[in-house]
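Undergrad: Here it is, the structure, as structure tokens.
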Amino acid sequence: MENFKKLTKQPLFLPIFCMILVLLINLIKSPAFFSISINNGVLYGRLIDILNRGSEIAILAVGQTLVVAVSAGTDISVGSVMSLSACSCCMLLAGYGNNSVSVLAVPMIVGMLFGVLMGGVCGAFNGALVAKLKIQPMVATLILFTAARAIGLLLCNNQITYIRYEPYKYLGNFFPGCPIPTPLFVAIVVILIVGILLRKTALGLYIQSVGINGRAARISGINSDVICFICYLVCGLCAGIAGIVASSRIYSADSNNIGLNYELDAILAVALGGNSLGGGKFNLAGSIIGAYTIQAITTTLLAMGVSTDKAPVFKAIIVIIIVVVQAPAFKAYMAARKAQKAQVKEAA
Amino acid sequence: MKTKKKLDTNTVLIIITICLFIFMYAVGCVIYQDKGFGNFQTFLNVLINNAGLICVTCGMTCVMLTGGIDISVGSVIAMDCMLLVFGMTEWHMGAVPMVILVLVIGLIFGAVQGFLVGYLEIQPFIVTMAGMFFGRGMTAVICSGQISITEADNPLFYSWANAKINLPAFLGKVNKHGKVVVPYMRPTVVIAIVVLILIFLMLKYTKFGRNLYAVGGNQTSATMMGLNVKKTRMLSHILSSFLCSIGGILYCLNTMSGSVNQAKGLEMDAIASAVIGGTLLTGGVGNVIGSLFGVLINGTITVLVNTNGKLLSSWANIATAALLCIFIILQSVFALVKARRNK
Amino acid sequence: MDENLLITMRDISKSFPGVKALDHAQFTLRKGEIHALMGENGAGKSTLIKVLTGVYSLDAGEIHVAGFDGPIINHSTLEAQEKGIATVYQEVNLCPNLTVAENLFIGREPKTKLGTIDWRTMNKRAKEIMDGLEINIDVTIALENYSLAIQQMIAIARAVDMDCKVLILDEPTSSLDDNEVEKLFKVMRDLKAKGVGIIFVTHFLEQVYAVCDTITVLRNGEFAGEYTVEEMPRVKLVAAMLGKDFDDLASIKKEGAGHVSDEVVVDGKGLSHKGTIKPFDFEIRKGEVVGITGLLGSGRSEMVRCIYGADKAQTGTLKFKGNELNIKEPLDAIKAGMGYLPDDRKADGCIGDLSVRENIILALQARNGMFKKIPISKQNEIADKFIDMLQIKTASRETPINQLSGGNQQKVILARWLCTHPDFLILDEPTRGIDIGTKTEFQKLALKFAEEEGMSIVFISSEIEEMLRTCTRMYVMRDGAQVGEISGEMTQESVMSAIAGGV
């Protein structure tokens, strides 16, 4: 019992527990869930699907975690920024006004970098509003939430721009000869870069200090504004990368649908990862596990034949259960009940 | 002795909002004179189209005053519309029972969210995000297609939707044929305005209204002063969801249809309207009169873009975002100046 | 129950994770009594009050309140208020966005016949209340427009106006000036005459002797004794609080200024920050301890903040060890070799959820730069060294700082600066809100570092005695401007007359 209690206190307990729970349900419902096969030289299976499709959420969750930690707020613009980044990439590759090309106007890498850069610009805009002008994060990012998708539509001339150029599909699907989906690699690279940045530098300490007490951090020699700005910038870049991956997946820029509701999944991943949305201390690994858990939930629901538009009902119920169990008020209530029961037992 | 009152910054913000609306509308009148923008009816149409949003924004303002947020409103509206339409077309229910049902569902929805926010102290953003998922999903559960309601389905509801309230003829305009076109309103507008006035009075003159401000001003202090913060926050969410249900009914009267994608992003319109109207997301400051003008500005932008005809509809989004940006920056600059002065 | 008794608290116990805050504490309050609740920091004064007012639930013990049968438990402040217990806390617990009148009446607003709020009556009565306190303000504008002191007076007025039987004042005087403290004392004496019982928590001994009748002393969460003021001279009171005979205070003596060298470490000319402090000059030598004195709000803190760059100096020049220094951010000051222990420990000092270790190495890490992370082993070494050296009472170096008591938190912040080995250390109210034992330690430490390591130290304190003991020289501040400098033979009287100005 003592050991169990210790286990539940571990920071990664909640996300791992949820993950295992989801997988367990699948194991009971349909063991086929776990089967992995090789078709046409690439891996197939639900598990692969989760790792593949969950990558965008994982990439977003990395940035979102930092933003939540540093500013006790959420960046709700990431989904829209994904769309903008995809649109600007495709617009550049196809040339303005063209809605379907098979020959690129500029080298592919230029377009992709431009897309990521647009994400960075959006992140910088959010960062400037939050860090310099001290605007509440949700309000500040509300601006781009509304505008970024609309700007993307303008860039693509209100159409879906298709890039029918084989290598463009690699990033969101498979590299020829590699059985593992590319998005997973992209996610790993992003996680590694940010992870190393946090581990090898004092950035993690700085972010937590600013998130907990910005004034005190400043007095202690940390430039709170710059740290806050950096976090939003990283978040924007992550959204940019996720946007390119999402665009490559469908080799097009569908402004209205790319990244739709992804901000919610990203925020959910952070919460599911055991991070307080009130900022301060954070745990990157938790967020990433949280991200894949969310994808696992989505995939499970699909596998069970729940249609995409009805799936949110279950997602909502899961979210509520998780946050309720995590809520300190609920924990205190349960503890009090347990104590009461013990007392009754003692009296008897 | 009469002390001279200083204009505080919050009042200034509301005045700016009102001036901006008047300015925007005037510019519209001048540029699109030929397209009938100057008609009184155009203004009334802005009200008619946004009657639902006015109700929702009132509720949103109340929640935001406590420092909370309710992003579930868009999907609750979609759910309400779908339920109304489905109930009247497929179940052949009467209009009145359906309306009552929708209102009751609104109350329950708000009570659950409010309980989670108030008593379990879970962040409102997360709770209402779950509410948003739930509402949207339930809409699809009721029916995943797009359905609409016709006169044959429910004559009563149809007659509500098409009822006109004519205004005095002198406000109208003589058309090409020399006939006076009498301007009209819909009952939805009257309901929205009544709701607005009631909420305004509630915020100013009732204990509950002032408690909302107190909780948003400083939650710890409010607790220490003996206010029931948990209950207040719960009630604010119930109020928001209830007003949202009223808004949903008005919305349905306008569109006469239900679909999964209805009212998508409406929560952001409501939040943007409230912020443009001078409500702070940190809580404690705001007023529904400001929110009304926020909605009107939002509506006018849409009409301006539509009237132009050549502009893509995404320009309306960009314009709203730009305005939001300006207002947020103004608010923050005012707050920074204030902080510096107090120092 | 004795008729005169208002409140009896018996054997109250309360634990927080890892800490026993109250251990069979006792407290009794009688009608028409001003009862001081004394004790070191962490002795359990605030916890006792919060248990009484329903902010915390109690683990064991009984509370009896006059007029209620049997033991009672308050579950919320509201319940306490309904039983006639009103409280004013150290932090102003009012809503900044509401008007003064609303803050006075919220929760008990006057109503019209329709059941709506009667603004007219409310404003009128609010005005009367504030006039009664001789505070002439507009009650119809938002509270945030007024100074902290006035806000505190409004909080007091609110509690007083509630027709309470018991009034609890939990360190309400820290932001008040002498004049306002006098007003408060007058209110307290009036209430006492009406038979209200008052619980008064304060760190200022003078205030206890000025108004109180009875003193209850808590020590380490336990009841140490209840005394009348007459039977309790200061020395005995301090001894009761510390649990030992206390003559350490007297033993601190300035050793003369022998170790002060001629090397000027900081030389500021004409520094100022718009809106907070007018141009001032500042000079300090190696190994010197200099005081800055003045009333609260006179610009003491603002002056050092300006030197340190917490508020950027907008005019003037600053030479540090002979080199001109342009400080844009606190980091520039740290890099040059300055340290600043801020007066507001909670807001400017502690990083709440971070561990003691992280709090200690923070400034050193900031000086090294983000990309030169201090290895964990080195961090542990530094943390252990200072926990040992300053005798910081903490469960481990990984304990979050917000689980420590005030005095120990202050030591952690001090360690944060000491580990950067500053040449120039600013201590702004290092002893505020901490117990007398630690206060003495801080004074000794300041002298020690000046003498042994040749550190130049600025020492700011509201208690003139402390500064007399530590400083060789003092700058005098008044109304945001530097008005003079005193040195040589300083006495309490000479400093006070310098602060007060005139002749």
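Undergrad: Given the conditions (1) more than 30 Å from C:Tyr89 (Cβ to Cβ); (2) within 13 Å of chain A (Cβ to nearest Cβ); (3) at pLDDT 85 or above, report the number of the one that B:Leu253 does not fulfil.
TA: Only one criterion in (1) more than 30 Å from C:Tyr89 (Cβ to Cβ); (2) within 13 Å of chain A (Cβ to nearest Cβ); (3) at pLDDT 85 or above is unmet by B:Leu253, namely (2).
Undergrad: Here's another thing I want to ask about it. Considering each of C:Leu427, C:Leu418, C:Leu404 in turn, give the residue that is within 13 Å of C:Arg345 (Cβ to Cβ) and either of a type in the set (Phe, Trp, Tyr) or touching a residue at least 60 places away in the same chain (Cβ under 8 Å) (or both).
TA: C:Leu427
Undergrad: Among the helices (runs of 4 or more DSSP H) contained in region A:98-181, which hold 3 or more residues that are within 14 Å of another protein chain (Cβ to nearest Cβ)?
TA: Correct list: A:108-127, A:137-155.
So that you can scan it fast, the table gives a plain yes or no per residue for (1) in a strand (DSSP E or B); (2) under 30 Å from B:Leu65 (Cα atoms); (3) facing chain A (nearest Cβ under 10 Å):
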{"residue": "B:Val117", "(1), (2), (3)": "no, yes, no"}
{"residue": "B:Met132", "(1), (2), (3)": "no, yes, yes"}
{"residue": "B:Arg136", "(1), (2), (3)": "no, yes, yes"}
{"residue": "B:Asp153", "(1), (2), (3)": "no, no, no"}
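Undergrad: Then there is this: Could you please give the count of residues in region C:102-118 that are within 20 Å of B:Thr66 (Cα to Cα) and either of a type in the set (Gly, Ala, Ser) or in contact with a helix residue (DSSP H, G or I) (Cβ under 7 Å, 6 or more places away or on another chain) (or both)?
TA: So the count comes out to 8.
Undergrad: Pick out, from region C:269-374, the strands (runs of 3 or more DSSP E) lying fully within it that include 3 or more residues that are closer than 23 Å to C:Leu445 by Cα and small (Gly, Ala, Ser).
TA: It comes to none.
Undergrad: Any residue in region C:205-215 that is among the small types (Gly, Ala, Ser) and outside any helix (DSSP H, G or I)?
TA: Checked against the condition, which is being among the small types (Gly, Ala, Ser) and outside any helix (DSSP H, G or I), region C:205-215 yields no hits at all.
Undergrad: Please tell me if A:Gly243 is more than 14 Å from chain C (Cβ to nearest Cβ) and outside any helix (DSSP H, G or I).
TA: When the stated conditions are applied, A:Gly243 does not pass them.
Undergrad: If you don't mind, another one. Identify the residue in region A:275-316 that is within 7 Å of another protein chain (Cβ to nearest Cβ) and of a type in the set (A, V, I, L, M, F, W, C) and, among all such residues, is surrounded by the most Cβ atoms within 10 Å (Cβ to Cβ).
TA: For region A:275-316, the residue satisfying everything is A:Ala316.
Undergrad: Name the single residue, out of those in region B:30-46 being without any contact (Cβ under 8 Å) to a residue 40 or more places away in the chain and either under 23 Å from B:Asn166 (Cα atoms) or under 22 Å from the mean Cα position of the chain (by Cα) (or both), that is surrounded by the fewest Cβ atoms within 10 Å (Cβ to Cβ).
TA: Going through the qualifying residues, I end up with B:Gly36.
Undergrad: Quick check, is B:Leu324 buried (at least 20 other Cβ atoms within 10 Å of the Cβ), touching a residue at least 40 places away in the same chain (Cβ under 8 Å) and within 14 Å of another protein chain (Cβ to nearest Cβ)?
TA: Answer is yes for this residue.
Undergrad: Quickly run through region C:145-164 and pick out the residues that are part of a loop (DSSP other than H, G, I, E, B) and more than 13 Å from every other protein chain (Cβ to nearest Cβ).
TA: C:Asp163 - this is the single residue of region C:145-164 that is part of a loop (DSSP other than H, G, I, E, B) and more than 13 Å from every other protein chain (Cβ to nearest Cβ).
Undergrad: Then there is this: Going by the conditions given, is B:Leu235 closer than 30 Å to B:Asn154 by Cβ, away from every other protein chain (no Cβ under 14 Å) and modelled with pLDDT of 90 or more?
TA: no
Undergrad: Here's a follow-up. Select, from B:Gly226, B:Gly286, B:Gly278, the only residue that is in a loop (DSSP other than H, G, I, E, B), within 14 Å of chain C (Cβ to nearest Cβ), surrounded by fewer than 24 Cβ atoms within 10 Å (Cβ to Cβ) and touching a helix residue (DSSP H, G or I) at 6+ places or on another chain (Cβ under 9 Å).
TA: Every option except B:Gly226 fails the conditions.
Undergrad: Shifting gears a bit: Can you tell me which residues in region C:451-469 are within 21 Å of C:Asp344 (Cβ to Cβ) and modelled with pLDDT of 80 or more?
TA: Within region C:451-469, C:Ile457, C:Val458, C:Phe459, C:Ile460, C:Ser461, C:Glu466, C:Met467 qualify.
Undergrad: Run down C:Lys439, C:Lys448 and say which single residue is free of Cβ contacts under 8 Å to residues at least 60 places away in the same chain, of a type in the set (Lys, Arg) and farther than 26 Å from C:Ser261 by Cα.
TA: C:Lys439
Undergrad: Look through B:Ile54, B:Ile18 and report the one residue that is in a helix (DSSP H, G or I), aliphatic (A, V, I, L, M) and crowded, with 21+ Cβ neighbours inside 10 Å.
TA: The unique qualifying residue is B:Ile54.
Undergrad: Checking the conditions here, which among C:Gly352, C:Gly309 is small (Gly, Ala, Ser), in contact with a Pro (Cβ under 8 Å, 6 or more places away or on another chain) and outside the structural domain of C:Asn402 (by TED's automatic domain parsing)?
TA: Result of the check over C:Gly352, C:Gly309: C:Gly309.
Undergrad: If only one of C:Glu329, C:Glu283, C:Glu302 is under 24 Å from C:Gln492 (Cα atoms), charged (D, E, K, R) and without any contact (Cβ under 8 Å) to a residue 40 or more places away in the chain, which one is it?
TA: Exactly one of C:Glu329, C:Glu283, C:Glu302 is under 24 Å from C:Gln492 (Cα atoms), charged (D, E, K, R) and without any contact (Cβ under 8 Å) to a residue 40 or more places away in the chain, namely C:Glu283.
Undergrad: Let me ask something else. Quick one: C:Gln391 ticks every box in (1) more than 14 Å from chain A (Cβ to nearest Cβ); (2) buried (at least 19 other Cβ atoms within 10 Å of the Cβ) except a single one, so which number is it?
TA: Only one criterion in (1) more than 14 Å from chain A (Cβ to nearest Cβ); (2) buried (at least 19 other Cβ atoms within 10 Å of the Cβ) is unmet by C:Gln391, namely (2).
Undergrad: Need at least 2 residues that are touching a residue at least 40 places away in the same chain (Cβ under 8 Å) and crowded, with 23+ Cβ neighbours inside 10 Å per element, so show me which helices (runs of 4 or more DSSP H) inside region C:30-142 make the cut, counting only ones lying wholly within it.
TA: Because the criterion is at least 2 residues that are touching a residue at least 40 places away in the same chain (Cβ under 8 Å) and crowded, with 23+ Cβ neighbours inside 10 Å, the helices (runs of 4 or more DSSP H) in region C:30-142 that meet it are C:45-52, C:100-105.
Undergrad: Could you grab the pairs with beta carbons closer than 7 Å, sequence gap of 6+ or different chains, first residue in region B:209-237 and within 16 Å of C:Ala80 (Cβ to Cβ) and touching a residue at least 12 places away in the same chain (Cβ under 8 Å), second one hydroxyl-bearing (Ser, Thr, Tyr) and surrounded by fewer than 24 Cβ atoms within 10 Å (Cβ to Cβ)?
TA: Close Cβ pairs satisfying both conditions: B:Val229/B:Thr223.
Undergrad: Sticking with this one: Could you tell me which numbered condition B:Leu292 fails, if it satisfies all but one of (1) under 24 Å from A:Ala148 (Cβ atoms); (2) more than 8 Å from chain A (Cβ to nearest Cβ)?
TA: Unmet condition: (1).
Undergrad: Do we find a residue being touching a helix residue (DSSP H, G or I) at 6+ places or on another chain (Cβ under 8 Å), assigned to a helix (DSSP H, G or I), among the hydroxyl-bearing types (Ser, Thr, Tyr) and farther than 26 Å from B:Glu121 by Cβ anywhere in region A:304-326?
TA: No - not one qualifying residue is present in region A:304-326.
The values are calculated or read from the model by the stated rules, or taken from the named source; none is laboratory data. From a predicted model like this one, the values you see are computed outputs, not experimental measurements. In this analysis, Cβ positions are derived from the backbone assuming ideal geometry, glycine residues included, and neighbour counts consider all displayed protein chains.
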